[in-house]
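No lab work stands behind these numbers, since they all come straight from the coordinates. Everything quoted here is computed from the prediction, not taken from an experiment. Methodologically, a virtual Cβ is constructed for each residue, glycine included, from the backbone with ideal geometry; neighbour enumeration extends over all protein chains shown.
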Amino acid sequence: MTDKIIPCLWYDDDGEAAARFYVSLLPDSRIDAVHRSPIDTPSGRADTVLMVEFTLAGRSYLALNGGPAFKLNPAVSFMIMTDDQAETDRLWNALIADGGEESQCGWLTDRWGLSWQITPRRLMQLTTDPDQARAKAAMSAMMKMRKIDIATLERAVADA
C-alpha cells in the first residue's frame, strides 16, 4: 500500500467477501493482499482472514475482520460519481442486492452496513446551477427520490 492515508473498514468476519464484491463494481479495482492472523484474537482464530488490502477505483482501502465490537454507520459514506443513468442503475442495484437497503436522495446501505451515495454528475451540475430557480427545482426533485433519476431532474429543471 503506497497511499499515506488508508481508510480501514471494520467488519465482523466477512471483510474479504465485502472487498471482493466492491472491487467487482469499479474499474481500477483489485484485491492487493489477504492477510491471515498469526494468532488467535478476540475476532477470530489463528489463520483466519484478519485484513484485506484492496484498491477501489485507484484508492487503497483495508478491510479488517475485527469482530462485532463496532458497526459501520452512515456517519461515513462513499460517494460514487456516475456518468449516466445506466451506471447509476447498475451500481445502485448491485449495492442493494442481497440485503442492502435503499435510503433517500441517492443514499443506500449495502448488506455489510456500509453507506454509499450513488450520485450522477448531472445531479451535482443541476443542484449547483448559478440559476437559483434551476438549482432549487433540481434539489426539490432530488429530495423526493431514493435512487436518482436523471430524466426526472432534467424535467424539473426544464419547468423552472
(request) Give me the pairs, please: first residue somewhere in the range 53-71 and within 17 Å of LYS4 (Cβ to Cβ), second residue anywhere and of a type in the set (S, T, N, Q) and surrounded by 17 or more Cβ atoms within 10 Å (Cβ to Cβ), beta-carbon distance under 6 Å, and either six or more positions apart or on two chains. (result) THR55/SER29; LEU56/SER29
(message) Just to be sure before I move on: is ILE31 of a type in the set (A, V, I, L, M) and surrounded by 11 or more Cβ atoms within 10 Å (Cβ to Cβ) in the structure I sent?
(response) yes
(request) Scan the range 47-65 for residues that are more than 10 Å from CYS8 (Cβ to Cβ), of a type outside the set (S, T, N, Q) and surrounded by 18 or more Cβ atoms within 10 Å (Cβ to Cβ) and report the count. (result) 5
(message) Just the residues that are at positive phi and over 13 Å from the mean Cα position of the chain (by Cα), please, taken from the range 74-121.
(response) ASP98, GLY99, CYS105
